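What follows is one structure encoded as structure tokens, with my remarks underneath.
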Amino acid sequence: MARYAIHIYCDECSAPHPMGVSVVLNDGPPELASVAEHYAGKTVPGTLNLMLRNCAKCPKTGKMFQQWDSKKIFIAPVAG
Ligand SMILES: [Zn+2]
């Protein structure tokens, strides 16, 4: 089990922003990977799926946004 931070790609800045939440996964990637890539042909864990419905705040526009494309949602292991 390891803890993963979620980053979602912002279409306005063309950059990923941290969502500010983390999730514990049994089968997460060893390094940053998109959800679509890592879970290709597999079921996305329910806890992660729930987190993906959250919004992130764009530091540039100050707006809350959501990302529905799992190719643009990334999970990265958190050290410690
Ligand atoms: Zn942004």
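Derivation of every value follows stated rules applied to the coordinates shown; laboratory data play no part. If you're wondering where the values come from, they're calculated on a predicted model, not measured in any experiment. Virtual Cβ from ideal backbone geometry, glycine too; neighbours counted across all protein chains shown.
What to note about this one:
- Among the residues making up segment 17-57, those that are within 15 Å of Ser70 (Cα to Cα) and in contact with a helix residue (DSSP H, G or I) (Cβ under 8 Å, 6 or more places away or on another chain) are Met19, Gly28, Pro29, Ser34, Val35, Ala36, Glu37, Tyr39, Val44, Leu48, Leu52.
- Each residue in segment 18-59 was checked for being part of a loop (DSSP other than H, G, I, E, B) and closer than 14 Å to Ile8 by Cα, and 7 of them qualify.
- Test for Asp27: is it charged (D, E, K, R) and within 16 Å of the ligand (Cβ to nearest atom): no
- Pairs linking a residue in segment 55-68 that is under 14 Å from Met19 (Cβ atoms) and aromatic (Phe, Trp, Tyr) to a residue that is near the ligand (Cβ under 9 Å from one of its atoms) and assigned to a loop (DSSP other than H, G, I, E, B), with Cβ atoms under 8 Å and 6 or more positions apart or on different chains, are Phe65/Asp11; Phe65/Glu12; Phe65/Cys58.
- Count of residues meeting criterion [farther than 18 Å from Met64 by Cα and in a loop (DSSP other than H, G, I, E, B)] in segment 1-16: 1
- Criterion applied to Thr47, Thr43, Thr61 was being within 16 Å of the ligand (Cβ to nearest atom) and hydroxyl-bearing (Ser, Thr, Tyr), and the one residue passing it is Thr61.
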